[in-house]
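First up is the structure itself, then whatever we jot down about it.
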Amino acid sequence: MVTASIALNRFGLGARPDEPVPGDPKRWLLDQFAAYQPRPPALAGLAGTVQIAGQLAAFYDRQARLRQEAGPRGRRATAAVPAETTPPSLPGTAQPPPAPARDALQQSRQIAQQQMRGHYLAAVGARTAAALVTPAPFAERLVHFWANHFAVSADKLELTGLAGAFEAEAIRPHVFGRFANMLNAVERHPAMLVYLDQAQSVGPDSAYGRQVAARGRRTVGLNENLAREILELHTLGVRTGYAQGDVTEFARAMTGWTVAGLRRGLPGRANVAELAPGTFVFAAALHQPGARTVLGRAYPEGGVEQAQAVLDTLAVHPATAAHVATKLARHFAGDTPPPAMIERLRAAFLKSGGDLPTVYRALIDSPEAWAPAPAKFRTPWEWSLAAYRALGLRQVQPQAAVGLLNQLGQATWRPGQPVGYEDTAGSWAGPDALMRRVEAAERFATRAGAALDARTLAPRLFPAALSPATAQAIARAESPGQGLSLLLVAPEFLRR
Amino acid sequence: MIDRRTLIRSGAAGLAALGLAPRLAFARAETDKRFVFIIQRGAADGLHTLAPVGDPAFASLRGDFAQDFASAPKLDATFALHPSLATVAELYGQKQALFAHAVASPYRDRSHFDGQNVLESGGASAYQLKDGWLNRMLGVLPSGEAKAIAVSATIPMAMRGRRDVSSYAPSALPQASDDLLSRVSLLYQGDSQLHGLWSEALETRQLTSDLAADNGRNAAATGALTARLLAPADGARIAMIETGGWDTHSGERGRLAAQLKGLDALVGALKSGMGPAWADTMVLVATEFGRTAAVNGTGGTDHGTASAAMLMGGGVRGGRVLADWPGVAPAQLYENRDLRPTTQLDAFIAGAVSSHFGVEPGRTMATLFPVSKDTPALSGLTI
């Protein structure tokens, strides 16, 4: 039953000792399509985007009020003031705000940081818990796959707060839907709009753009960041034939896609007061007028539907199908995915118009994904989940999970770049990374004590797939804890 | 002094081996001879330790590296000793230090991990033998009572085997997981990817415990500690000291000067700590392989083949450099890059052990280095 081990480890998130070994591995995977919980109990208590954005908006208001109260000196020092308004004859005007105001500003910032950090911790904890107790580990793996495909990075205050909500709201509901639905949800989500600067992109000839230009005080304009990453990372893939002109045209079409009430969102006076902070909004005043041409196709002048039409085209584009097929095949069949399998997934994607369950079925039916030799080196996230599950844990302290992932080099939702974390062994199979896993394994084993017998656990985790060398190393360990440590860093445990 | 809690025991007699269990009085070992193996992990550059300044190709080969030997003590017409090794040079002058050059174990590839395994196990290839030559050596000593101790947190490969060996390390060294680390090494033996990664990880770890640390004071403390373990009448007779930091791919002149200074301080502290027992003590210094003959682009040298080894002690017939010198001109190099090995390190070590303990050379060779048993052990290494 090597296939059972493959289903549990390569497709799933690692076996649990308290769950039965699937008798029909393929059936077990297919049944998860229905068993998947878009909003599992573990996520029930999490704050949503509107609540988090409300806290952020309150923070911005508080900061503005404190600066106001600090008077002109405080405002000058804490807000950006054009240089020419500061008379050079008055050197004292550059002083920082008075100490009490400075302290209050700092304190208010700390409170906001704590709030956002709290959301991040809770969301990582919930994500981890969901992965430990899920009835559908293959489906949870797909959640993680898509969240990394459409990566945001929790580096700034706003994204630290919103990263978990992004996955819960834009990814999870669509994992078993159409690719186009997920794409639309992602590109409208405030986290993505803020992360890739779309929220602040202004058409130079839009009403707002002309107004600002007329005042001549500062420049606002196009930001191509999201448009480019949609083409390069989210849909077509890099070097698939689009040109800089396509990026710019798409970025012009995207102008107006923004979010209410966030500092990095809708620009100043164009803000729409009646909308709740964190709400997606199409701001017509920011939209660049005119028809657009993207990838040789004309899109007539329009509002939100203009960029929507571009997205609809991209979502079912052959290059998108090939891109998604390649990434899925790489995730399940190896760092250098077999061309035949890519072609099979690509065809399934195109034929079904991007129906993800159809693509997953083609994936499960691909013999390449069931090759007995390990296909992948587990990422730190995968290894951590597999270890927690192997130990029979059903929940972990969020702080512990966050700390472990930081130590192992894959901080959750913090890849630092929109391409997400790499999905190849070269990124994770390093000497220091290996040493850290060994150290972490020993800590796990110390905590587990003698309660677990690695000799009986190992064959349950890898049914009919445990190597004699690992079995022997465990059997010869000087203590149960050492045996458990060795199991957690054994070659079969480091790979899937 | 020695903190009992940091004593690691391997086998039942470990504590007693240190003389730390006063109620367990041990019969004095029949032999008073002491043997210390100092392993230089990371491939020490023999050409920059014992420089062939008399070789016409040396100066052009080594460029500004050769400057370090401008005022170094000349040992003979060919070789000069690195100036950091002042104590060792003094021993050489007293005919208590003997060097062997262009020596190598049977290992011919350039992996630290595998090379150290060959050096320590005494096999011809990595993982061919499962125990170490120091452990097997306990079996041929005149007294079955002779005890061995590793001055490190874990039992190094050279000391592993069926005979009890204890280990002791200053408490600053990480200890908790060392046994796990060595078992992980075994676990990854058959996995080329993990084996490679793991050996690199361990090498990095070793860099944290190199001899240069704390301007050699750590090294001196290690030497003094070893002497305290060996000097007592009922103390250990065999000790092994692990040193790291020899993998000088860059900035070699400065790093090796500091490393050698540390080694010198270690030997100096060991000698003075042994007192009169120095007359019965033999110290072997050896590394897994040498480094490239030429200097690389980053002021260092890369993994090579032959290197130098040292033998020191009151009974050593020193004041000599043993070398069937192959030369370092381009055409004389091994695989066009390394010092060519002309003397077997196995034969040198077996010769030293055999004459120091008075064990028949053939038997010593067959026990310590069974794969090389047809090679005669070198003779005449002691008085």
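The values are calculated or read from the model by the stated rules, or taken from the named source; none is laboratory data. Note that the structure is a prediction, hence the values are computed from the model and not measured. Cβ coordinates were reconstructed from backbone atoms using ideal geometry, including for glycine residues, and neighbour counts include every protein chain displayed. Surface areas here come from the heavy atoms of the whole protein model, side chains and all, with no ligands, DNA or RNA. Shrake-Rupley method; radii C 1.70, N 1.55, O 1.52, S 1.80 Å.
The charge dipole of chain A, taken about its Cα centre with unit charges on the Cβ atoms of Lys, Arg (+1), Asp and Glu (-1) only, comes to about 780 debye.
For chain A, the longest principal axis of the C-alpha atoms and the axis of helix A:157-166 are separated by about 50°.
Find out how many positive minus negative residues lie around A:Thr293, taking Lys and Arg as positive, Asp and Glu as negative, among other residues whose Cβ is under 14 Å from that of A:Thr293. So the environment of A:Thr293 carries a net charge of 0. The H on the amide N of B:His303, modeled in the peptide plane, is under 5 Å from the matching H of B:Thr292, each at least 5 residues off or on a different chain. Restricting the trypsin sites (Lys or Arg not before Pro) of the stretch A:364-459 to loop positions (DSSP other than H, G, I, E, B) with no more than 16 neighbouring Cβ atoms within 10 Å leaves A:Arg394. Note on A:428-438: average number of Cβ atoms from other chains within 10 Å of each residue's Cβ is 5. A Förster distance of 45 Å, applied to the separation of the beta-carbon atoms of B:Asp109 and B:Val140, puts the FRET efficiency at 0.90. Charge tally for B:Leu98 (other residues, Cβ to Cβ under 9 Å; Lys, Arg +1; Asp, Glu -1): +3.
Net charge near B:Pro73, counting Lys/Arg +1 and Asp/Glu -1 over other residues with Cβ under 13 Å of its Cβ? Value of the local net charge: -3.
Nonpolar atom fraction for the protein assembly as shown, defined as the carbon and sulfur part of the 1.4 Å probe accessible area, stands at 54 percent. For chain A, the longest principal axis of the Cα atoms and the long axis of helix A:99-133 meet at an angle of about 30 degrees. Looking at the protein assembly as shown, the accessible area is 38 square angstrom per residue; that uses a 1.4 Å probe and ignores ligands, DNA and RNA. Take the accessible area of A alone and of B alone, subtract that of the pair with a 1.4 Å probe, and the total buried over both chains is about 1700 Å².
The phi torsions of the stretch B:42-59, fed into the Karplus equation with coefficients 6.51, -1.76 and 1.60 and a -60° offset, translate into couplings of x, 6, 6, 7, x, 6, 10, 9, 10, 7, x, 4, x, 6, x, 8, 4, 4 Hz, rounded to whole numbers, with Gly and Pro shown as x.
If a spin label sat at a point 7 angstrom from the Cα of B:Thr298 along the line to its beta carbon, the backbone N atoms of the stretch B:243-257 nearer than 18 Å would be those of B:245-257. When you filter the chymotrypsin sites (Phe, Trp or Tyr not before Pro) in the stretch A:147-229 for DSSP loop state and at most 12 other Cβ atoms inside 10 Å of their Cβ, nothing is left. Contact residues in the stretch A:455-496 (at least 50 Å² less accessible area with all protein chains than alone, 1.4 Å probe): A:Gln482, A:Leu486, A:Pro491, A:Arg495. Dividing the Cα radius of gyration of the stretch A:309-413 by its Kirkwood radius returns 1.09 for Rg/Rh. Considering only alpha-carbon pairs that sit under 8 angstrom and 6 or more positions apart, the relative contact order computed for chain A is 19 percent. For chain A, excluding the exposed loop sites themselves (GluC sites (Glu not before Pro), DSSP loop, at most 13 other Cβ atoms within 10 Å), the longest remaining stretch covers A:1-273.
Pull out a ≥ b ≥ c, the square roots of the eigenvalues of the alpha-carbon gyration tensor of the protein assembly as shown, then state rounded if a/c is under 1.5, prolate if not and a/b is larger than b/c, and oblate in the remaining case. In terms of gyration-tensor shape, prolate.
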